[in-house]
Amino acid sequence: MEGMSSLTIKQQSNFNGFPKAAELIEIEGAHALEASDRAMFNQLLQTAHDSGRMTEPDAEWEISLAALRRGSTRHESNDRIRYSLRRLRRTEVRVSYISARTGLPRTMETHLLDFTDTDDADSPSATVQFAFPKRLRAVLARSNRWGRIRCEVSYAMTSKYAIAFYEMVCLRANLDRCTEVIEMSRFRELLGVPPGSYDRADNFTRNVITPAILEVNGLSDVGVQIEMERKHPRAPAHGVAITWWRKQGDEFRYAMQERSRPKVGRMARLKGQVEQLTPDHVALVNAEVAEKLERMRTEEREKRAADRYHIT
């Protein structure tokens, strides 16, 4: 391991996001988690990281349910928050790491949250207290690889595969290369695709790859491209070649603007299916609306005149 300054827990959150350990980005077995669960876990993890108490033996944290609700849903009820917390607590994942004692690779099977303790009433001051499993925190304390994750990007995404893919790219964003080939079964596992789901190439592309690329390219600070790796044109894909880059200029500003817009209609906008109105279009629409309103007023005046003079 490198010096203490290279440890994940020693890094500070900044404009580019908080440092999420590679061991948590590359978890396996997380296919039961939904997009909202993954986004909420990032917010809980950042809360713990920014406190500076991740390595304390009995560290626990507390956050308001209102803060979690603002990020994940516009509903006033905390029911969805409770469901997400329950899934995070019950879903068992596999975490790969290198043993500090032997230097050999090991795999830990663990839950992501040790416990949650929430207020029963949905009051504005309601909170949830939580903690991470002791052994998981021990692995995170030794981690020296991380990707900077922005919670607002995770919350903006509706596809859990997009969130997982976004984090995979963030982990690799500062490497001295910008492309990598990943074996297909490994790629599916890292994205959290349920075993036996989307086995056909067209279903996998339509339900996993396409939404992931659309949302990462449309909402995050990085751009991505995926190409299937095949031994010959008719062979099944045995891997994926991922290319990534840091966005700049208009591409960066567009993603920021889209994150601030409502989720309603977002996929249509990202697909380019929403017509952008020019000033001429706006003027034409306004003229049509004014003409329709005037016609309605005229018809109303004529009707009132007919009623007044009993004209049939």
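I'm checking my understanding of the structure. Among residues of region 136-189 that are in contact (Cβ under 8 Å) with a residue 60 or more places away in the chain and acidic (Asp, Glu), which one is farthest from Val222 (Cα to Cα)?
Here is the first cut: in region 136-189, the residues in contact (Cβ under 8 Å) with a residue 60 or more places away in the chain are 137, 139-160, 162-164, 167-173, 178-182, 189.
Subset that is acidic (Asp, Glu): 152, 167, 180, 189.
On the way: Glu152: 14, Glu167: 10, Glu180: 15, Glu189: 22 Å.
The selected residue is Glu189.
Considering the conditions (1) out of contact with any Leu (no Cβ under 8 Å at 6 or more places or on another chain); (2) aliphatic (A, V, I, L, M); (3) in the same structural domain as His31 (by TED's automatic domain parsing), Leu140 is excluded by exactly one of them, (1). Within region 193-238, if we keep just the residues that are over 24 Å from Gly265 (Cα atoms) and of a type in the set (Gly, Ala, Ser), the residue that is surrounded by the fewest Cβ atoms within 10 Å (Cβ to Cβ) turns out to be Gly196. Residues in region 162-186 that are out of contact with any Asp or Glu (no Cβ under 9 Å at 6 or more places or on another chain), in a helix (DSSP H, G or I) and either among the hydroxyl-bearing types (Ser, Thr, Tyr) or within 18 Å of Ile81 (Cα to Cα) (or both): Ser185 alone.
The single condition among (1) small (Gly, Ala, Ser); (2) modelled with pLDDT of 95 or more; (3) within 17 Å of Pro236 (Cβ to Cβ) that Gly192 does not satisfy is (3).
Please name all residue pairs, on different chains or six or more residues apart, with Cβ atoms under 8 Å, provided the first residue is in region 256-267 and is assigned by TED's automatic domain parsing to the domain that holds Asn217 and outside any helix (DSSP H, G or I) and the second residue is surrounded by 10 or more Cβ atoms within 10 Å (Cβ to Cβ) and of a type in the set (Gly, Ala, Ser). Matching pairs, first to second residue: Lys263/Ala156. Taking the numbered list (1) within 20 Å of the chain's Cα centre (by Cα); (2) not in a helix (DSSP H, G or I) in turn, Glu109 passes all entries but (1).
Would you be able to say whether some residue in region 223-231 is in contact with a Lys or Arg (Cβ under 9 Å, 6 or more places away or on another chain) and either in contact (Cβ under 8 Å) with a residue 40 or more places away in the chain or of a type outside the set (A, V, I, L, M) (or both)? Within region 223-231 (the criterion being in contact with a Lys or Arg (Cβ under 9 Å, 6 or more places away or on another chain) and either in contact (Cβ under 8 Å) with a residue 40 or more places away in the chain or of a type outside the set (A, V, I, L, M) (or both)), the answer is yes, since at least one residue qualifies. Of the residues making up region 32-59, those that are under 21 Å from Arg142 (Cβ atoms) and surrounded by fewer than 17 Cβ atoms within 10 Å (Cβ to Cβ) are Asp50, Ser51, Gly52, Arg53, Thr55, Glu56, Pro57, Asp58, Ala59. For region 178-192, filtering for residues that are among the β-branched types (Val, Ile, Thr) and surrounded by 15 or more Cβ atoms within 10 Å (Cβ to Cβ) leaves 1.
The values are calculated or read from the model by the stated rules, or taken from the named source; none is laboratory data. Values in this document were obtained by computation on a predicted structure and should not be read as measured data. Note that we place each Cβ from the backbone using ideal geometry, even for glycine, and neighbour counts take in every protein chain shown.
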